[in-house]
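For reference, the structure discussed in these notes is given below.
Nothing in this text is a laboratory measurement; each read-out follows from the coordinates by a stated rule. Bear in mind the structure is a predicted one, so any value in this text is a computation, not a measurement.
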Amino acid sequence: MNKSTLLSFLMAVVAMCLSSSTTSAFVVRSSSVVSPSKTTAATTTSLNVFGNKKSQAQKAVAKEEDSKYWQGEWVCKDCGYIYNRAECAGLYFEEQGPGFRCPQCSGPRRRYAKKVGDRVGTTLDGGDAPILIFSFGGVALTIAFGIWAVNNL
């Protein structure tokens with residue numbers, strides 16, 4: 001390409017950009033703006049921030065459901081994150097599946113523990129005890145196999 005062809009191409013692109021600047025996504029078109037005087041029907045807006053009022057039967061069912069679950073806090077033992085139902089689709093911690101991970105550190109569900117006052121306990125799913133038992137068992141078997149292999153080879 002020679003310089004004159006390149007220059008004329010760039011000028012055409014600049015001219016096209018300048019001519020289409022009125023169709024930008026950030027320009028408000030007058031046809032899309034509705035003035036308040038043009039509205040024909042009065043509209044009412046109800047903002048249900050707190051939801052609908054519950055009946056006594058609904059309150060009893062909700063209270064019974066709440067009593068099934070731990071009312072204290074669940075704490076991640078790795079990072080200290082406190083489980084918040086509102087951040088986790090409104091599910092109680094006990095309703096979370098085995099694939100649940102800590103939102104802060106990606107620790108597994110078994111790393112969560114119940115918090116009672118200042119103390120953090122262990123979960124009902126065994127905590128880390130099964131992992132530690134099998135890990136030490138594997139180390140012991142590896143050492144025993146190594147000793148056997150050295151003596152027999």
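So between S67 and F136, what do we pick up on full extension, going 0.36 nm a residue minus the alpha carbon distance?
My answer for the length gained is 20.9 nm.
Identify all lysines with a Cα-Cα distance to K54 below 18 Å; exclude those on the same chain that are fewer than 8 residues away in sequence.
K63
Using a Cα-Cα cut-off of under 18 Å, which lysines could be cross-linked to K68, ignoring same-chain neighbours fewer than 8 residues away?
Qualifying lysines at Cα under 18 Å: K59, K114, K115.
When the Karplus curve 6.51 cos²θ - 1.76 cosθ + 1.60 is applied with θ = phi - 60°, which whole-Hz ³J(HN,Hα) does each residue of segment 106-111 get, with x for Gly and Pro?
Whole-Hz 3J(HN,Hα) from phi for segment 106-111: 6, x, x, 4, 5, 7.
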